[in-house]
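What follows is one structure encoded as structure tokens, with my remarks underneath.
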Amino acid sequence: MLLLQSPNASGETFGEADAPRVRHRVQRAGWLRAAVLGANDGVVSVASVAIGVIASGAPTSFVLTAAVAASVAGAMAMAAGEYVSVSSQQDVERADLDQERQELETHPESERRELAAIYVSRGLSTELADQVADALTATDALGAHARDELGLAAVLARPVQAAIYSAVSFTAGAALPILAFLLVPTPARAMSVVVGALGALVVLGIAGARAGGAPILRAAVRVGVGGGLAMAITAGVGHLVGTIGA
């Protein structure tokens, strides 16, 4: 195996094998966003439904039924929405790849020049850009154009996987306010749902910020305020509906 070597100040050389492989945070952005978004939606949606029904004065059994129904419906809606969205993305990616494959077959030289022009626009000299374009065209022309011209990832979107992740993360988030409701005595159930939901949202915000390298305090405040506002509005609407229907 060929290693690129460069001398240090004392004349010693180090190969690429000596350099640690760093996995950048941006590589986790896709699945991290889906997981955090699904869990946040589960917490906020089900906690808000529970608080709204409690504020309406409904019996405990109604609150639990509404929360569980919201959990199931939300998970199915998240899965269906994610499947449709990612399937549409996959269709577009495949259509672009098919078009690019056809252009490579019918106009190979034009496509090679187009690839070289992309590298020139990124700062390479014309000579070096031609060399890089020639090398990549010889090894994997479609992959080079997909990556550098179309901006597509190496792996196409996976709708079934995305749907499963969304449903599971939503259900996990939805379980937290339901457990808080079940494990606390009746007089304190509303407060337990609010506190449990806000605590879960803050933890999710912190976890997402740490994994993504974002400011922790800002993320925690953002999700906490958003969730609290959603529950407050739902509680107000639930109380109003309960008063009108009484």
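The values are calculated or read from the model by the stated rules, or taken from the named source; none is laboratory data. It should be emphasised that the depicted structure is a prediction, and the values quoted were computed from it without experimental measurement. Because the Cβ atoms are built from the backbone with ideal geometry, glycine has one as well, and the counts that use them run over all protein chains shown.
Does at least one position in the range 39-52 carry a residue that is at pLDDT below 85, assigned to a helix (DSSP H, G or I) and under 23 Å from A211 (Cβ atoms)?
Looking through the range 39-52, none of the residues is at pLDDT below 85, assigned to a helix (DSSP H, G or I) and under 23 Å from A211 (Cβ atoms).
Restricted to the range 74-95, and to residues that are of a type in the set (D, E, K, R) and modelled with pLDDT of 85 or more, which residue is nearest to Q161 (Cα to Cα)?
E82
Taking the range 105-136 only, how many residues are touching a residue at least 24 places away in the same chain (Cβ under 8 Å) and under 33 Å from the mean Cα position of the chain (by Cα)?
Total satisfying the criteria: 4.
Are any residues in the range 50-69 free of Cβ contacts under 8 Å to residues at least 24 places away in the same chain and more than 19 Å from M191 (Cβ to Cβ), and if so, which ones?
Matches in the range 50-69: S61, T65, A69.
Examine the range 204-214 for a residue that is under 30 Å from Q90 (Cα atoms), in contact with a Gly (Cβ under 8 Å, 6 or more places away or on another chain), in a helix (DSSP H, G or I) and among the hydrophobic types (A, V, I, L, M, F, W, C), and state whether such a residue exists.
Yes, the range 204-214 contains a residue that is under 30 Å from Q90 (Cα atoms), in contact with a Gly (Cβ under 8 Å, 6 or more places away or on another chain), in a helix (DSSP H, G or I) and among the hydrophobic types (A, V, I, L, M, F, W, C).
Among the residues of the range 183-200, is any without any contact (Cβ under 8 Å) to a residue 12 or more places away in the chain and among the charged types (D, E, K, R)?
Scanning the range 183-200 turns up no residue that is without any contact (Cβ under 8 Å) to a residue 12 or more places away in the chain and among the charged types (D, E, K, R).
Within the range 60-88, can you find the residues that are over 21 Å from the mean Cα position of the chain (by Cα) and surrounded by fewer than 21 Cβ atoms within 10 Å (Cβ to Cβ)?
Within the range 60-88, T60, S61, F62, L64, T65, A66, V68, A69 qualify.
Specify the residue that is surrounded by the fewest Cβ atoms within 10 Å (Cβ to Cβ); the eligible residues are those in the range 110-133 that are under 18 Å from L150 (Cα atoms) and acidic (D, E).
Filtering first and then ranking leaves E114.
Is it the case that some residue within the range 96-103 is among the aliphatic types (A, V, I, L, M) and in contact with a Lys or Arg (Cβ under 6 Å, 6 or more places away or on another chain)?
Scanning the range 96-103, I find no residue that is among the aliphatic types (A, V, I, L, M) and in contact with a Lys or Arg (Cβ under 6 Å, 6 or more places away or on another chain), so the answer is no.
Are there any pairs with C-beta distances below 6 angstrom linking a residue in the range 70-95 that is touching a residue at least 12 places away in the same chain (Cβ under 8 Å) to a residue that is β-branched (V, I, T) and in a helix (DSSP H, G or I), with the two at least 6 apart or on different chains, and if so which?
A70/V46; A70/V49; S71/V46; A75/T171
Return the residues of the range 194-221 that are of a type outside the set (V, I, T), closer than 24 Å to I178 by Cβ and surrounded by fewer than 18 Cβ atoms within 10 Å (Cβ to Cβ); say none if nothing qualifies.
Listed by number, the residues that qualify are G199, A207.
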